[in-house]
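Some notes on the structure that comes next.
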Amino acid sequence: MNNFKTIPHNKPTMGIDEASAAQSVIISNDLVKGYHTQAFEDDICEYLGLPQGHAVCVTSGSAALFIALKTLKLKNKTVAIPSYACSSLKHACTLNQADIIYLDNKKNSVIFDSEQKKFDALIHPYLYGLSSKLPSCNQPIIEDLAQALGASTNNKMLGTMGELGVLSFYATKMISSGGQGGMLVSKSKNLIEQAKDYIKFDQQHDNNARFNFHITEVQAAIGRVQLKKLPEFIKQRQIRWQIYKDAGLTLLDNTSSELSHVRYRAIVLSSRYQKVIHDLKTKGITAINPFESNELLDKHCINANSITQKTVSLPLYPSLSIEDTHFIAMQTKKVLEV
């Protein structure tokens, strides 16, 4: 690696196939609510093992969260969410006028603890591509697999075990639909039909509240190409994650045989996280703390605050070269040994 090269922390993995798919849609002039949108929904259903018609494309993962809460009619109800989670969870609850209970992490873990808490619904995010078991409860669960598409628990695909599953196709997620995009999935056809009705914002003959959350045909066409590449993306992420592991780096993981992860992030655990990030930057390597303490949704969660003081996210994406991956592993190990 030369002295002028910078390795970004993350980047999309797009190419000629995605460009061709987008161009084909543009040439067709069929830009909205057409073949590719329906096909993308059906492709995701097939991938997750759901019947066709059990998914609906929307503009973003955040929009999918909002619609999931709306579909479950949680206005003035109590929704439990982790403090150590994306702010989209909080915003979706607030816009639905739901009351929020914040859950702390289990000690030295990014998994939240929902025991001893009473709530009407739970949002269960799978952070960094790590699978986890759903808690045993009688309340509806929304699975947030924005970072974990392709992971499973006991051979069941994440997103298919709760009442609803939320997917994100942001630029640097497991797959992208061209920058933004999301999807809602469910084993309940009735819930999906309610979600589809909510985004039918025009030419309706009732006074029900609705809003336009439709994606474009260009987004759907790109998403379909990316989904076909997902198995290879997962494989290439695993190869790079394993290089870090084999170099002796202490990575956040869960080795339970019941869980199958996708390596969305390679998280090194170190109490000297600030020095690690700083020193790697001098070598042209962009590493980050994936979750700062000021990003916690509830600052009073002690275990969540503790984990923010010891995490470094290394570059990890399918187009990261093997040479650069070894270089990052070597430099990170050197910094940690000082």
Exactly one condition in (1) exposed (fewer than 15 other Cβ atoms within 10 Å of the Cβ); (2) part of a helix (DSSP H, G or I) is not met by residue 241; state its number.
(1)
Condition test on residue 114, is it modelled with pLDDT of 95 or more and in contact with a strand residue (DSSP E or B) (Cβ under 9 Å, 6 or more places away or on another chain)?
no
Looking at the stretch 178-214, which of the residues that are touching a His at 6+ places or on another chain (Cβ under 7 Å) and either outside any loop (DSSP other than H, G, I, E, B) or under 30 Å from residue 19 (Cβ atoms) (or both) is modelled with the lowest pLDDT?
199
What are the residues in the stretch 209-237 that are surrounded by fewer than 16 Cβ atoms within 10 Å (Cβ to Cβ) and more than 23 Å from residue 38 (Cβ to Cβ), if any?
209, 232, 235
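Can you name the residue in the stretch 275-293 that is in contact (Cβ under 8 Å) with a residue 12 or more places away in the chain and outside any loop (DSSP other than H, G, I, E, B) and is also farthest from residue 250 (Cα to Cα) among such residues? Please lay out each step first, then the result.
Residues of the stretch 275-293 in contact (Cβ under 8 Å) with a residue 12 or more places away in the chain: 275-277, 279-280, 283-293.
Those still in the list that are outside any loop (DSSP other than H, G, I, E, B) too: 275-277, 279-280, 285, 288, 293.
On the way: 275: 16, 276: 13, 277: 15, 279: 18, 280: 16, 285: 18, 288: 16, 293: 21 Å.
Per the criteria, the residue is 293.
What number of residues in the stretch 294-338 are of a type in the set (Val, Ile, Thr), assigned to a loop (DSSP other than H, G, I, E, B), surrounded by 15 or more Cβ atoms within 10 Å (Cβ to Cβ) and without any contact (Cβ under 8 Å) to a residue 60 or more places away in the chain? Talk me through it step by step, then tell me what you get.
Restricting attention to the stretch 294-338, the residues satisfying the condition of being of a type in the set (Val, Ile, Thr) are 302, 307-308, 311-312, 322, 325, 328, 332, 335, 338.
Checking the rest, the ones that are also assigned to a loop (DSSP other than H, G, I, E, B) come to 308, 338.
Retained after the next criterion (residues that are surrounded by 15 or more Cβ atoms within 10 Å (Cβ to Cβ)): 308.
Filter once more, keeping what is without any contact (Cβ under 8 Å) to a residue 60 or more places away in the chain: none.
Total satisfying the criteria: 0.
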Could you list, in sequence order, the residues of the stretch 51-84 that are over 20 Å from residue 209 (Cα atoms) and within 19 Å of the chain's Cα centre (by Cα)?
55, 61, 80, 81, 82, 83, 84
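The values are calculated or read from the model by the stated rules, or taken from the named source; none is laboratory data. What you see is a predicted model; the values in this text were computed from it and never measured. Ideal geometry is used to build each Cβ from the backbone, glycine not excepted, and the neighbour counts take in all protein chains shown.
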